[in-house]
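The structure appears below as structure tokens.
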There are 2 protein chains.
Amino acid sequence: MKIDGRWRRAIEESDDRASIVILDQTRLPYETHWLRLATLDEVAAAIREMRVRGAPLIGVTAAYGVAIALAAGVPLDRAIELLAATRPTAVNLRWALDQMRAQLAAGARAFEAAATIATDEVARSEAIGTHGLPLIRRRAGSPVRVLTHCNAGWLATVDWGTALAPIYKAHEAGIAVHVWVDETRPRNQGLLTAWELAQHGVPHTLIADNAGGHLMQRGEVDLCIVGTDRTTRDGDVCNKIGTYLKALAAHDCGVPFYVAVPSTSIDWRCTDWRTIPIEERAGDEVRSIAGRGGTMQITDGPVANPAFDVTPRRLVTGLVTERGVVAASREALASLFPDLAEPAS
Amino acid sequence: MKIDGRWRRAIEESDDRASIVILDQTRLPYETHWLRLATLDEVAAAIREMRVRGAPLIGVTAAYGVAIALAAGVPLDRAIELLAATRPTAVNLRWALDQMRAQLAAGARAFEAAATIATDEVARSEAIGTHGLPLIRRRAGSPVRVLTHCNAGWLATVDWGTALAPIYKAHEAGIAVHVWVDETRPRNQGLLTAWELAQHGVPHTLIADNAGGHLMQRGEVDLCIVGTDRTTRDGDVCNKIGTYLKALAAHDCGVPFYVAVPSTSIDWRCTDWRTIPIEERAGDEVRSIAGRGGTMQITDGPVANPAFDVTPRRLVTGLVTERGVVAASREALASLFPDLAEPAS
């Protein structure tokens, strides 16, 4: 999508085709800084430090990491092991690494295999946008008021985004939209969402994570759309911490709650959402806040920092996938993705 | 409660008995700064700027503000009008001003009337602690894990607190408690809660506002206790923005959700919670965050900042009042406070 009026992607190949260039998301929204990653260690660190973040983008970055590692003579298994360990919750990461292994075994060249994964990711995002557009178009409001949590925009994918893709499609189609953007403490990814919406010219308002329930109570939200880091085969959604609270409020207030689900986020082996590992991130993310001019400490006391929660499928109105919108259920997902679904055990 | 091992109150009379001294809560938890308020304008500004905050403490401060104004020859009506306009949502503010007017009409001396309101406030808080203690004592856990939102501690009252009073009583009774403290963006009153719990030696962990639902899903919360800025006669609770989201999660996860309700927070005339005015505070509270060393801007984009939300009574397990614990219903409240309840219209 657009930065300063130019179309860009969150990850791009260098001209040398031996390294990649990413938009350093730890410096956004204050600085637009492109960072070149030329070694396996640099790629792994960029994922771990959340310089790239968002489940789909993590997968694509890891795929390129494999290509970069192989070009430097690092054994494939070592590269995959190191990259797989960078973040525990998102399932796209492992999916992308599995894809790379399969493509390489089939004789593909590593950089081309990674580029294919990136291209497919963009196609999936755009298709999610196309399928999600009618959900916005059919609302009466002018503007249609959409609430989102965290950043599931093009910064989190490669282009278009997942949750934001239908919003961009609506904006491009001339439909008036207004986005309520959750701040998303502790890392404030809402600021990334606000930044990319502003760059693309989409009206929006940043709110504290506490505010969304009140706005829904007062009838000021027409629908919610969020992303997912891991979706169970039954349609339960593991996404950024706090998503569950917004889903509860939407359910209580009769506001439709949609989840944008690229098929790469579906964990077909997960039969119980309670078994999904929830990443506990560093306490300093809660103890400090990043802002203009750096990072400020707000406390030095005891903190906890779980990074994700699960929204049970009973709270989800529908899943917006690259093949269409379906109910959050095993049957619906399996019938939409018969080629991917594993037989029920 | 204790600061550096000494028992203090959040508002104290000066030795001259013509001014008051408050703990400046905008400088906590980074600085323990006591501020002398000697004029009506200073008192009104301290309330408006949230140097004192918390519904009960606002009421007591306003009562002293009346006394200070009268001593300087300001007409009673002007003083009450100015003080009533400082904050729109808390009902204790108006209650305290009405009390002052009634006491003065009955011939009381102004400073003594204000001191009586303060003393009564402390007695109410301590009684809430006494009545709430069994709710903690009866839980099996060791420690008993309590989640709270915002600051309804002694900083928000004068001593003991409302939501924190049962926790302090449990701690004093030797019961092991552990408090999950919501950060409470945008103003991070959770840092005040963490600070006062730390000063008093009560174990606690600060969490992002997004985290509580996940902790309840995982069975890591035994009960929730929050305060209230305005309670309808039917038992609906208007409290700091985000309270509603935690009540929804508690309800969904089967976690008891209690509200500490001093009778002074009950608006006996409010028959529909949708009519409660919700204060929209300055956008800069969302655009910036206060921390060690000052205030940092996180965005200069569009923001919204509603300060309160309503938790409907169906989500409330019980109200902990100074006369006992009751169901959140008109009948229960009216039978507990027959002297205060107004006849149903």
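The values are calculated or read from the model by the stated rules, or taken from the named source; none is laboratory data. Computed from a predicted model, the values in this text were never measured in an experiment. Every residue, glycine among them, receives a Cβ derived from its backbone with ideal geometry; neighbour counts consider all protein chains shown. Just so you know, the surface numbers come from the protein's heavy atoms only, side chains and all, with ligands and any DNA or RNA stripped out. Shrake-Rupley method; radii C 1.70, N 1.55, O 1.52, S 1.80 Å.
If you average the alpha carbon positions of region B:210-238 and of region B:50-80, how far apart do those two centres end up, in angstrom? Between the Cα centre of region B:210-238 and that of region B:50-80, the gap is 31 Å.
Neighbouring Cβ atoms from other chains, within 10 Å of the Cβ of residues in A:229-241, number 1 on average. Which log10 I(q)/I(0) values, to two decimals, does chain A give at q = 0.10 Å⁻¹ under the Debye formula with one point per Cα? Each listed q corresponds, in turn, to -0.55.
Note on region B:222-345: Rg/Rh from Cα positions, Kirkwood definition for Rh, rounded to two decimals, is 1.06.
Solvent-accessible area of B:R187, all protein chains in place: 80 Å² (probe radius 1.4 Å, heavy atoms, ligands and nucleic acids excluded).
All Cα-Cα distances of the protein assembly as shown, cut into 10 Å bins from zero to the largest, leave 3, 15, 24, 24, 16, 10, 5, 2, 0, 0 percent in each bin in turn. In this structure the amide hydrogen of A:I241, modeled in the peptide plane, comes within under 5 Å of the amide hydrogens of A:F308, A:D309, none closer than 5 places in sequence on its chain. Rounded to the nearest 20, the size of the Cβ-charge dipole of the protein assembly as shown about its Cα centre is 600 debye, with Lys and Arg at +1 and Asp and Glu at -1.
Using R0 = 60 Å, the C-beta based FRET efficiency linking A:R27 and B:T119 works out to 0.65. With R₀ fixed at 51 Å, the C-beta to C-beta distance from A:D4 to B:A85 puts the FRET efficiency at about 0.70. When 1/r is averaged over all different Cα pairs and the result inverted, which Kirkwood radius in Å belongs to region A:69-117? Hydrodynamic radius (Kirkwood, Cα only) of region A:69-117 equals 11.2 Å. Computed from backbone phi with θ = phi - 60° and the Karplus coefficients 6.51, -1.76 and 1.60, the 3J(HN,Hα) list for region A:263-273 is 4, 5, 8, 7, 9, 5, 8, 7, 9, 8, 4 Hz; x is used for glycine and proline. Ranking A:V122, A:G132, A:V43 by how far each Cα lies toward the positive end of the dipole of chain A (charges on Cβ) leaves A:G132 at the top.
Model label points for B:T295 and B:A327, set 7 angstrom from Cα along the Cα-to-Cβ axis, are 4.6 nm apart.
Proximity of backbone amide H atoms, modeled 1.01 Å from N, is registered between A:V303 and B:L206 at under 5 Å, excluding neighbours fewer than 5 places apart on the same chain.
Rounded to the nearest Hz, the phi-derived 3J(HN,Hα) couplings of region A:177-185 under the Karplus curve 6.51 cos²θ - 1.76 cosθ + 1.60 (θ = phi - 60°) are 10, 9, 10, 7, 10, 5, 4, 6, 5, where x marks glycine and proline. Annotation: extensible slack from A:E112 through A:T275 equals 55.2 nm (criterion: 0.36 nm per residue apart, minus Cα-Cα distance). Each Lys and Arg Cβ is given +1 and each Asp and Glu Cβ -1; about its Cα centre, chain B then shows a dipole of about 580 debye.
Principal semi-axes of the equivalent ellipsoid, √(5λ) from the alpha carbon gyration tensor of region A:69-188, are 36, 17, 9 Å from largest down. A cut-off of 5 Å between modelled amide H atoms, ignoring neighbours fewer than 5 places along the same chain, links A:R145 with A:H178, A:D222, A:L223.
Placing unit charges on the Cβ atoms only, positive for Lys and Arg and negative for Asp and Glu, gives region B:1-102 a dipole magnitude near 300 debye about its Cα centre.
Here the Kirkwood formula, the inverse mean of 1/r across different C-alpha pairs, assigns region A:157-277 a hydrodynamic radius of 15.2 Å. Just to confirm my numbers, what's the Cα centroid distance between region A:313-342 and region B:271-335 in Å? A separation of 37 Å, based on Cα centres.
Here the Karplus relation 6.51 cos²θ - 1.76 cosθ + 1.60, evaluated at θ = phi - 60°, turns the backbone of region A:230-235 into coupling constants of 7, 10, 6, 5, 8, x Hz, with x for every Gly and Pro.
Note on region B:117-223: semi-axes of the ellipsoid equivalent to its C-alpha gyration tensor, largest first and rounded to whole Å, are 21, 18, 11.
Using a Gaussian network model on chain A with a 10 Å cutoff between Cα atoms, which of A:P166, A:P56, A:P277 fluctuates the most? Maximum among the listed residues: A:P277. Under the membrane-span-like helix rule (DSSP H runs whose alpha carbons stretch at least 18 Å along the helix axis, mean Kyte-Doolittle hydropathy 0.0 or higher), chain B yields B:55-71, B:110-137.
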